[in-house]
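See structure below.
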Amino acid sequence: MKFKTFAAFVGPSIFLMLLFIAFPLISVFWQSFNVTQPLYEQIEVENCTPGFLTQTCETEIQTRPILDENGDIITRTDFVGLQSYRNVLEMERFWTAVKDWSWSGIQSIDFWKALRFTLMFTLVTLPMVVGFGLAIALVINNAAKMIRGPVIFLSLLPFIITPVIGALSINWLFRGDGILTALLEWWLARDLALFAQAWTIELMMMFYRVWHVAPFAAIIFYAGLQTVNQDSLESAVIDGANRWQRLRLIIVPHLMPLIIFVAMIHLMDTYRVFEEVVGFRSQGYVISLQWLTYDFLTPNEAGIRSISRASASAC
Amino acid sequence: MTAKALRQPAPLRILSNTFLAFWCLIAAFPIFWITVMSFKSPVDAFDSNPLNVIFGPATRADGSGWSVIDMLLGLAVVYFTARLSTRNLPRLVERYSPKGWTVLGWIVAALLVGVGFVVVFFGALPVVTGVLNPLLGPLGRDVIGATTEHYQTVWVDRGFSNNFKNSLIVTAGVVTVSLTVGTLAGYGLARSGSTLAFWILIIALIFRSLPHSVLVAGYLPVFINSAEWLSPILGENAPTLYGKPAAVIAVLVAINQPFTIWMLRSFFSNIPADLDEAARVDGCSHFKAFRLVIMPVMWPGVITTGLFSFLLAYNDFLVTSLLLDASNQTMVPAIAGMFNRETTTTDQVVAVAAAVSITAPLFLLVMVFQRQIVSGLTAGAVKG
């Protein structure tokens, strides 16, 4: 294929990716060093209230945004270097907290809190997703041919559901005296408030994520199981290997590339964990890195989006 | 090797099947449960006794419920719709759709069946059961409390149909554009084999792993001020891109592009290159070979990739909630807003009904396209 035809085929796709992925990346990087603020001016205002005999007049200094001739607020963009990063990372507070050995001190800074949760979430869910996925794949492979289709259908449901809705539906099972909370309370014979502290919410989020991703892993592993070499399994039986040894020494090595693939995809996806925070409405207790950026981008009470801070936290 | 040597002992088989049943329960239960909840009055929906949630005594006390007759007729309608669409519909589509427009014929047929189902199920059925129920004595008495009022609140009063329309626009746009652009690129990449193609794929993989919020942080200021910087090109009526569905479609297409080209490339690699080489020998240009030889055989891969593009666009929350304003919001951000606003338990059940409404199309999608979804999931992974 000549370069010109290749370019014609691939061109539109490359153009879109450059315009909407590469360009925003550069722009975010640039914005993270700059701050755009409205310009303010200070003016003296004389306020007079009618009084008896004479007016009472007060002068005060007011700060107000400068307007241009169209009535729009004039803004100025300043180069601030690493200031936005400092605002997000809050290194001084971080180091003081480290010096005092105070974990809660570190946790009171949003960025470190989000980082802690994101890392822990990733590390805990990864082995669970791979383990459960493998287990489900093995039992589907073990089941009668007739029921495999319906089982795969049911397994696809958690994977395909809208993440926010999936998190919400798990949330509703537990919220208040939801059915599962009631079950747990009956089982443990004690009163539970699952949404009152961070760690229970984190547990529920992890449960949701494993529920959501395990089917994906299971289906990929199931496809891999179809290609296991039957001859090597049979010779292992002849050599006297038991089931566990066959699983460990033949099946798992055969699936290794797939396990790595699933782990990579899962790492990429959990690093951007976000929907759970929305679905479980946990921003008061638990936040993730991507949610932090999202929060900076939503207009605050004054209607100002702190874009430069968002850029800094995103980089 | 005899099957006997590989036969599993009974305890292992029982254990395996128990685990399977347990998994099916976990997988389906939350979705099943919110569906049940959405039909109940708030008192029943959040009852801690599961039997009360299923049978809904408070809902029944309010005077709305389903009798045995209602349920039997309802199941019959569902059964006949399913039968019609699996048995008779394919033949009818084949016969009546003009040649080469089978896809269009399927879309029209699906719409007709959908509309017909809604009319019969929600329009005609209540009338029939309303006449039958008083006549049949004990069979016509309400057994299960259930009400559709929350769905009415969601779709009519809260303007969810508007959100649905927006979702439809965005997803349809994303699927069409990303498939058009993606098939061309995927074909080019699969047939080129140059170092450049390899690096493009690697960079696409890096792009895929970027958090979406980073990208949105890049768009926001540009989109909000777009009227300013577009005015030299477009003059007076330069649009503000913020809040425009078209802008969101472009963004989602681009975010989806790395995934699309990877997947389509692996599908195109499976189509033997001899096919288009033969066409080239006969004097076709690359584009003509693509159009005449490759397009007729590429549909399985394109449909699968289209399904995943649909899922991405339909399920997206981050991009749509940040780049669209309230007037043309899609369904998922709308329900998140609903959920955050809820104060009373009625509001909560309304939010549940909205959640079920969002999930229903996905449920149908899995039912129809299960095979394609599974093949799409495994295509990328197994072949490496």
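Please verify whether B:A227 is part of a helix (DSSP H, G or I), modelled with pLDDT under 75 and at the interface with chain A (Cβ under 10 Å from one of its Cβ atoms), treating the condition exactly as stated.
Working: part of a helix (DSSP H, G or I): yes; modelled with pLDDT under 75: yes; at the interface with chain A (Cβ under 10 Å from one of its Cβ atoms): no.
In short, no.
Cβ-Cβ distance below 9 Å, separation of 6 or more or different chains: which pairs start in the range A:157-171 with a residue that is under 17 Å from B:A28 (Cβ atoms) and end on one that is acidic (D, E) and outside any helix (DSSP H, G or I)?
A:T162/B:D316
For the range B:160-189: of the residues being facing another protein chain (nearest Cβ under 10 Å) and either surrounded by fewer than 21 Cβ atoms within 10 Å (Cβ to Cβ) or among the hydrophobic types (A, V, I, L, M, F, W, C) (or both), which is farthest from B:T330 (Cα to Cα)? Steps first, answer last, please.
The initial filter retains those residues of the range B:160-189 that are facing another protein chain (nearest Cβ under 10 Å), namely B:177-178, B:180-189.
Now narrow it down to the ones that are either surrounded by fewer than 21 Cβ atoms within 10 Å (Cβ to Cβ) or among the hydrophobic types (A, V, I, L, M, F, W, C) (or both): B:177, B:180-181, B:184-185, B:189.
On the way: B:V177: 18, B:T180: 23, B:V181: 24, B:L184: 29, B:A185: 29, B:L189: 34 Å.
Only one residue tops the list, namely B:L189.
Go through the range B:152-185 and report how many residues are on the phi > 0 side of the Ramachandran plot and hydroxyl-bearing (S, T, Y). Full working, then the answer.
Narrowing the range B:152-185 to residues on the phi > 0 side of the Ramachandran plot: B:159.
In the following step, the residues that additionally are hydroxyl-bearing (S, T, Y) were identified as none.
Adding up the residues that qualify gives 0.
Kindly provide the set of residues from the range B:90-120 that are touching a helix residue (DSSP H, G or I) at 6+ places or on another chain (Cβ under 6 Å) and over 19 Å from B:P361 (Cα atoms), ordered by number.
Within the range B:90-120, B:V93, B:S97, B:G105 qualify.
Is it the case that the range B:290-306 has a residue that's touching a Gly at 6+ places or on another chain (Cβ under 8 Å) and either among the hydrophobic types (A, V, I, L, M, F, W, C) or in a helix (DSSP H, G or I) (or both)? Give the derivation first.
We begin by selecting, within the range B:290-306, every residue touching a Gly at 6+ places or on another chain (Cβ under 8 Å); these are B:304-305.
Adding the requirement that they be either among the hydrophobic types (A, V, I, L, M, F, W, C) or in a helix (DSSP H, G or I) (or both) leaves B:304-305.
Scanning the range B:290-306 turns up at least one residue that is touching a Gly at 6+ places or on another chain (Cβ under 8 Å) and either among the hydrophobic types (A, V, I, L, M, F, W, C) or in a helix (DSSP H, G or I) (or both).
When you look at B:P11, is it modelled with pLDDT under 80, more than 10 Å from chain A (Cβ to nearest Cβ) and at negative phi, yes or no? Spell out the reasoning first.
On the way: modelled with pLDDT under 80: no; more than 10 Å from chain A (Cβ to nearest Cβ): yes; at negative phi: yes.
When the stated conditions are applied, B:P11 does not pass them.
Taking only the range B:20-69 into account, find how many residues are of a type outside the set (A, V, I, L, M), within 7 Å of another protein chain (Cβ to nearest Cβ) and either outside any helix (DSSP H, G or I) or in contact (Cβ under 8 Å) with a residue 40 or more places away in the chain (or both).
Filtering the range B:20-69 for residues of a type outside the set (A, V, I, L, M) gives B:22-24, B:29-30, B:32-33, B:35, B:38-42, B:44, B:46-50, B:52, B:55-57, B:59-60, B:62-67.
Still in the list and also within 7 Å of another protein chain (Cβ to nearest Cβ): B:23-24, B:30, B:33, B:46, B:48, B:50.
Still in the running and either outside any helix (DSSP H, G or I) or in contact (Cβ under 8 Å) with a residue 40 or more places away in the chain (or both): B:46, B:48.
Selection size over the range B:20-69: 2.
Right, B:V349: closer than 27 Å to A:R148 by Cβ, of a type in the set (A, V, I, L, M, F, W, C), in a helix (DSSP H, G or I) and within 23 Å of the chain's Cα centre (by Cα) or not? Full working, then the answer.
Working: closer than 27 Å to A:R148 by Cβ: no; of a type in the set (A, V, I, L, M, F, W, C): yes; in a helix (DSSP H, G or I): yes; within 23 Å of the chain's Cα centre (by Cα): yes.
Considered against the rule, which asks whether it is closer than 27 Å to A:R148 by Cβ, of a type in the set (A, V, I, L, M, F, W, C), in a helix (DSSP H, G or I) and within 23 Å of the chain's Cα centre (by Cα), B:V349 comes out as no.
Could you tell me which of the residues A:A302, A:A223 is of a type in the set (G, A, S) and either assigned to a helix (DSSP H, G or I) or modelled with pLDDT of 70 or more (or both)? Outline the logic, then answer.
Details: A:A302 fails: either assigned to a helix (DSSP H, G or I) or modelled with pLDDT of 70 or more (or both).
The match here is A:A223.
Can you go through A:W199, A:W211 and tell me which one is without any contact (Cβ under 8 Å) to a residue 12 or more places away in the chain, of a type in the set (F, W, Y) and out of contact with any Cys (no Cβ under 7 Å at 6 or more places or on another chain)?
Values: A:W211 fails: without any contact (Cβ under 8 Å) to a residue 12 or more places away in the chain.
After applying the criteria, what remains is A:W199.
The values are calculated or read from the model by the stated rules, or taken from the named source; none is laboratory data. Keep in mind that what you see is a predicted model, and the values were worked out from it rather than measured. When we count neighbours, we look across all protein chains shown, and the Cβ atoms used for this are built from the backbone with ideal geometry, even at glycine.
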